[in-house]
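Here the structure comes first, spelled out in structure tokens, and everything after it is commentary.
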Amino acid sequence: MYHHVQCRLNSDNRKFRVFIVDFEGLNDWHVANLKIADGRLSWIPPPSRDTSVMSSDPGIELEIVNVPTHINEWTVTREVAKVLHSDDFGTFGGGRLLNFRVRLRKTDGGMRNDGTGTLALPVRKSGYKFLEFVRGEPIKIEGRKVKFYISNRSLSKEWLQTLSKTPFVDPDLEEEHENTLRALEGELRVDVVQFGVFFRETYPSKSRSFSIEWERKFIESNASLSFEYDHKVVLLKVSSF
């Protein structure tokens, strides 16, 4: 409900800007435009809020301990999802599965985790309910009881918005994607770059030959080939032409 309105009249005396204060929501200012035309006053009301994003729920971050050091984030995510996506927890935000994020802290070498991590959830009540659930039925990974407790840090606004707005993604797909990115890391050395066209020497024929229209060797200079999988790009870098 809007409680207070301030109007400002522009210099042409025919257009207004209206500032409306909402005391029930975030106490922010909304702007609407009014225009007088043909003796009528018309206006565009303030845009509606996306309550899934601008939520008053601060979310919650939980600490994770006693994780086997060779286990990755996706293994923990799968076990946590069995609890958070069970019938005891229901759905979230219009029938969606509750989104969350598991992050494990890496050792200095980066190949293993150090046995600890965090679990971020966009709904605080679900975090408390999860803690109560795992106290009675602990999550076990390779025979070890993984423990959870409330973090002394608040969930960041960036993570809160991300988890509230985006759907939960199957950890099997996430892990496959990460493995693909890892396999395509780095650059390949290139000695020769050729541009040309494929053509058929005779018709009809299924085989084709390659006609080199331009060629440059990089034996004594630098050229490399890399892949940007998410953008479906093959990137060729050369020192100079």
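Figures for the structure shown
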quantity	calculated
27 Å Cα-Cα threshold exceeded, pairs from LYS157/LYS232; LYS125/LYS157; LYS125/LYS145; LYS82/LYS147; LYS129/LYS165	LYS157/LYS232
Mean Cα-pair separation over length for segment 96-241, i.e. relative contact order, pairs under 8 Å, 6 or more apart, %	16
Karplus (6.51, -1.76, 1.60) ³J(HN,Hα), θ = phi - 60°, over segment 135-142, in Hz, Gly and Pro reported as x	5, x, 10, x, 7, 10, 10, 6
Neighbour-limited loop hits for GluC sites (Glu not before Pro), segment 107-197 (at most 14 other Cβ within 10 Å; DSSP other than H, G, I, E, B)	GLU142, GLU185, GLU187
Segment 68-215: C-alpha gyration tensor shape, a/c 1.5 cut-off, then a/b vs b/c	prolate
Built amide H within the under 5 Å cut-off of LEU97, gap 5+	PHE92, PHE168
Whole-Hz ³J(HN,Hα) from phi, Karplus 6.51 cos²θ - 1.76 cosθ + 1.60, for segment 178-186, glycine and proline x	5, 5, 5, 4, 5, 5, 9, 5, x
Cα-based reach from LYS206 at 19 Å (exclusive), listing lysines while leaving out same-chain residues under 8 positions away	none
Total formal charge among the other residues, if their Cβ is under 15 angstrom from that of ILE219, Lys/Arg +1 and Asp/Glu -1	0
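Readers should treat all values here as calculations from the given coordinates under stated rules, not as data from a laboratory. Just so we're clear, the structure is a prediction, and the values are computed from it rather than from any experiment. Cβ atoms come from the backbone with ideal geometry, glycine included; neighbour counts cover every protein chain shown.
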